[in-house]
1. Just wondering, is there one or more residues in the range 21-31 that are aromatic (Phe, Trp, Tyr), touching a residue at least 60 places away in the same chain (Cβ under 8 Å) and out of contact with any Cys (no Cβ under 8 Å at 6 or more places or on another chain)?
2. Which one is nearest to residue 19 (Cα to Cα), of the residues in the range 45-90 that are among the acidic types (Asp, Glu) and touching a residue at least 12 places away in the same chain (Cβ under 8 Å)?
3. Looking only at residues in the range 37-73 that are among the β-branched types (Val, Ile, Thr) and touching a helix residue (DSSP H, G or I) at 6+ places or on another chain (Cβ under 7 Å), which one is nearest to residue 6 (Cα to Cα)?
4. Being within 26 Å of residue 19 (Cβ to Cβ) and β-branched (Val, Ile, Thr) is the filter; apply it to the range 30-44 and report the residue that is surrounded by the fewest Cβ atoms within 10 Å (Cβ to Cβ).
5. Can you find a residue that is surrounded by 11 or more Cβ atoms within 10 Å (Cβ to Cβ), hydroxyl-bearing (Ser, Thr, Tyr) and at pLDDT below 95 anywhere in the range 82-89?
6. Restricting to the range 13-29, what's the tally of residues that are of a type in the set (Ser, Thr, Tyr) and surrounded by fewer than 12 Cβ atoms within 10 Å (Cβ to Cβ)?
Amino acid sequence: MKYPDFQHLKESINKLSKSAWFVNVSQMALDLGSPITANIILLGSLLGIKRLPFEAEEVEEEIRTTFPAAVVDLNLKALEMGREAVKFSA
């Protein structure tokens with residue numbers, strides 16, 4: 001069985017969903033040079049469409065106080081990339 005191509009999946013999801021967002025967080029994380037940041041990009045996307053019960057500023061502060069200093073800027077950038085990816089579709 002062949003897995004359906006992305007365009008077919010996207011069309012099917014759009015037909016079945018009231019709203020949908022498509023963010024290629026894996027590619028964005030690779031472009032950022034850090035595949036592990038995909039989860040932070042996704043978190044930023046969810047913040048951008050207002051689907052979480054807290055504000056972006058709260059997450060930014062948590063990143064600053066919890067993450068090792070060496071990766072804070074990278075993760076803040078990943079968070080912003082996610083927010084920007086859905087900026088005009090929220």
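1. If we filter the range 21-31 for residues that are aromatic (Phe, Trp, Tyr), which is where we start, we get 21-22.
Cutting the leftovers down to touching a residue at least 60 places away in the same chain (Cβ under 8 Å) gives us 21.
Add one more test, that the residue is out of contact with any Cys (no Cβ under 8 Å at 6 or more places or on another chain), and what stays is 21.
Yes - at least one qualifying residue is present in the range 21-31.
2. Kept after step one, since they are among the acidic types (Asp, Glu), are these residues of the range 45-90: 55, 57-58, 60-62, 73, 80, 84.
Subset that is touching a residue at least 12 places away in the same chain (Cβ under 8 Å): 60, 80, 84.
On the way: 60: 26, 80: 22, 84: 18 Å.
Checked the range 45-90; the qualifying residue nearest to residue 19 (Cα to Cα) is 84.
3. So the first thing to find is which residues in the range 37-73 are among the β-branched types (Val, Ile, Thr), and the list is 37, 40-41, 49, 59, 63, 65-66, 71-72.
The next check asks that each one be touching a helix residue (DSSP H, G or I) at 6+ places or on another chain (Cβ under 7 Å); those that pass are 37, 40-41, 59, 63, 72.
Numbers: 37: 22, 40: 23, 41: 20, 59: 31, 63: 32, 72: 33 Å.
Among residues in the range 37-73 that are among the β-branched types (Val, Ile, Thr) and touching a helix residue (DSSP H, G or I) at 6+ places or on another chain (Cβ under 7 Å), the one nearest to residue 6 (Cα to Cα) is 41.
4. Among them, the one singled out is 37.
5. Yes, the range 82-89 contains a residue that is surrounded by 11 or more Cβ atoms within 10 Å (Cβ to Cβ), hydroxyl-bearing (Ser, Thr, Tyr) and at pLDDT below 95.
6. Initially, the range 13-29 is screened for residues of a type in the set (Ser, Thr, Tyr), giving 17, 19, 26.
Then keep just the ones that are surrounded by fewer than 12 Cβ atoms within 10 Å (Cβ to Cβ); that gives 17, 19.
Looking only at that region, the number is 2.
The values are calculated or read from the model by the stated rules, or taken from the named source; none is laboratory data. This is a predicted model, so every value here is computed, not measured. Positions of Cβ are backbone-derived with ideal geometry, glycine not excepted, and every protein chain shown enters the neighbour counts.
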